[in-house]
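The values are calculated or read from the model by the stated rules, or taken from the named source; none is laboratory data. In this text the structure is predicted, and so the values were computed from the model without any measurement. Protein only, heavy atoms only, side chains kept; ligands, DNA and RNA dropped before computing areas. Shrake-Rupley method; radii C 1.70, N 1.55, O 1.52, S 1.80 Å.
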Amino acid sequence: QVQLVESGGGLVQAGGSLRLSCAASGRTFSSYGMGWFRQAPGKERDFVAWIDWSGGRTYYADSVKGRFTISRDNAKNTVYLQMSSLKVEDTADYYCGVHSSGSYYYTAGYAYWGQGTQVTVSS
């Protein structure tokens, strides 16, 4: 069992930055890849970024490539999402998840989710 708690969301102006954190409980955190997804009101939960267990491989959605950076600290059981050059269209609830099987791109591959943290980007 893994519990995830996201934090770091808030209101920011377009062009600004935020860093999201996802703290995990459970001793198996370092064994799994981790992903960030986001969900805007009335829309599906979409892939944002993924990182492998060691932090050596990362993948990003095209919409955030070059602006967002995913990282992890296994000693702290935490994964981060550094978001820069934020746009209004980045406004959403952001969720982290434990990638347990299959493609990292789809929500079906994730066994556990946090409760989400809200990010609002104003123009």
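Would you kindly find the accessible area of K65, with a 1.4 Å probe and non-protein molecules such as ligands, DNA and RNA excluded, rounding to the nearest 10 Å²? For K65, the solvent-accessible surface is approximately 120 Å². For K43, a cut-off of 27 angstrom between C-alpha atoms picks up these lysines, skipping any fewer than 8 places away in its own chain: K65, K87.
Among Y112, Y105, Y80, the sequence by solvent-accessible area, most first, with a 1.4 Å probe is Y105, Y112, Y80.
Remark: segment 43-49, residue by residue, has Karplus-estimated 3J(HN,Hα) of 10, 7, 6, 10, 5, 10, 7 Hz, where x stands for each Gly or Pro and the curve is 6.51 cos²θ - 1.76 cosθ + 1.60 at θ = phi - 60°.
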